[in-house]
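Please treat every number below as a calculation from the coordinates, not as lab data. Quantities reported herein were computed from a predicted structural model and do not represent experimental measurements. Here the Cβ positions follow ideal geometry from the backbone for every residue, glycine too, while neighbour counts run over all protein chains shown.
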Number of protein chains: 2
Amino acid sequence: MREFMRITKALADDNRVRVLLALKAGELCVCQISELCGLAPSTISKHLSILYQAGLIESRKEERWVFYRLPSKEATIAIREAIDWVQKSLGGTPQAAEDRKKLKQILKVDPTTICQRQLRR
Amino acid sequence: MREFMRITKALADDNRVRVLLALKAGELCVCQISELCGLAPSTISKHLSILYQAGLIESRKEERWVFYRLPSKEATIAIREAIDWVQKSLGGTPQAAEDRKKLKQILKVDPTTICQRQLRR
DNA sequence: ACTATATTTCGTCGAATGCCGAAATGTCAA
DNA sequence: TTGACATTTCGGCATTCGACGAAATATAGT
C-alpha cells in the first residue's frame, strides 16, 4: 500500500508525468529535462527524486551528468502497469507531441551547452 | 491530459483509493464509506466528489441516500485501466483485506443506524 | 407545511506541495 | 589542490490539500 501510494502521488503532478513520457524515447540528464519543462534544475532534481523513490525511474551517473531512464523489465508489476498506463493514456495527446518536438531540438545540442544556457538566467 | 491528471490526483490519496477498493464489492452510500474510513461525512463527501469528477465513480440517488459505485463498462480506457491497476496492485494487501472485513460488519446493519451512530459524536 | 434525516457546501486551520535561489556536494580537468 | 561545472540539498514563500464543524440543501414521512 505504502509503495503503491508513492507511485500515485508521484504521478499526481503534470511535470513528473511529462518526464515519464519524455523518457520513453531514451535516457535524459537533469539539465535536458529542466530545459524541456522550463523549470529550475533544483526543482527538476526534486521531481526526479520523487519519481525515483516511487520506482518509476532509474538513474546512471556519467562524469558530471546523471542520466535518468525508465525502469528495466524487472520492475514491479505495479510499476510497469503504471508506466504503460501513462504512455497509453497520454502518448497521443497534443502535450506529448509538443514535448517530443521540443525534445528533438534539445537533443541536437550537447548537455554542456544547455547547462551553460541555464546559468545565464 | 487535463482529464488524465484529474485521475492521478484523485488516486493520490489513501482514503480515496480505499474507497475504490471497497466499491469493488458493490455500491455504498456516504455514511457507510464514512464509517469504513473513520472520517466525517463531509470529508467523505468531498473525497467522493473528487473521485466523481475524475470519472472514477458513478452515483445514484435513492430516497435520502446517495449510492456510489464503480463506473460501468462504457467508461474511458484510461478510467478502466486505472481501476484495474488499483485492484490488481492492492486487492491482495492486508489493508484491503482488513477493509473488506470491516465492510462486512458495516453491511450487516442498515444505513440509517450508521448515520444515527455518526450523529452521537 | 413542518420535521427528521442524508448529503453537500462553506469557512477555517494546520500540513504538505511546488517553486525558486543559494549553498553544499560530488566529479573531472588542469 | 584548485577551479569549473552538474546535480542535490536547504531555506523560504505562496498555494493547495485534507480535515473538521456549522450551515445549507434535498428528500421522506407526519
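Some notes on this structure:
- Charge-dipole axis of chain B as Lys and Arg at +1 and Asp and Glu at -1 on Cβ define it, positive-most pick from B:Cys29, B:Ala54, B:Thr113: B:Thr113
- Straight-line reach from A:Lys104: taking Cα to Cα under 19 Å and skipping same-chain neighbours fewer than 8 places apart, the lysines in range are A:Lys24.
- Taking only the C-alpha atoms of region A:1-66, Rg followed by Dmax gives 11.6, 37 Å.
- The GluC sites (Glu not before Pro) of region A:1-85 that DSSP puts in a loop, and whose beta carbon has at most 11 other beta carbons within 10 Å, are A:Glu63, A:Glu74.
- Rg/Rh for the protein assembly as shown, where both radii come from Cα atoms and Rh is the Kirkwood radius: 1.07
- Rotational relation A to B, axis-closest Cβ in chain A, residue and distance rounded to whole Å: A:Ala12, 2
- In nanometres and ascending order, the distances from the A:Thr112 label point to those of the other copies are 8.0 (point 7 Å from Cα along Cα→Cβ).
- Residue separation of B:Glu63 and B:Gln95 scaled by 0.36 nm, minus their Cα-Cα distance, works out to 8.3 nm of gained length.
- Taking only the C-alpha atoms of chain B, Rg followed by Dmax gives 14.0, 44 Å.
- Close amide H pairs (under 5 Å, H built 1.01 Å from N) link A:Val66 with A:Val30, residues at least 5 positions away or on another chain.
- Pairwise Cα distances in region A:55-121 exceed 19 Å in 55 percent of cases.
- Most mobile listed residue (B:Leu107, B:Leu28, B:Leu48) in chain B, GNM with C-alpha springs under 10 Å: B:Leu107
- Basic side chains Lys and Arg get +1 at the Cβ, acidic Asp and Glu get -1 at the Cβ, and with that the dipole of the protein assembly as shown about its Cα centre reaches some 320 debye.
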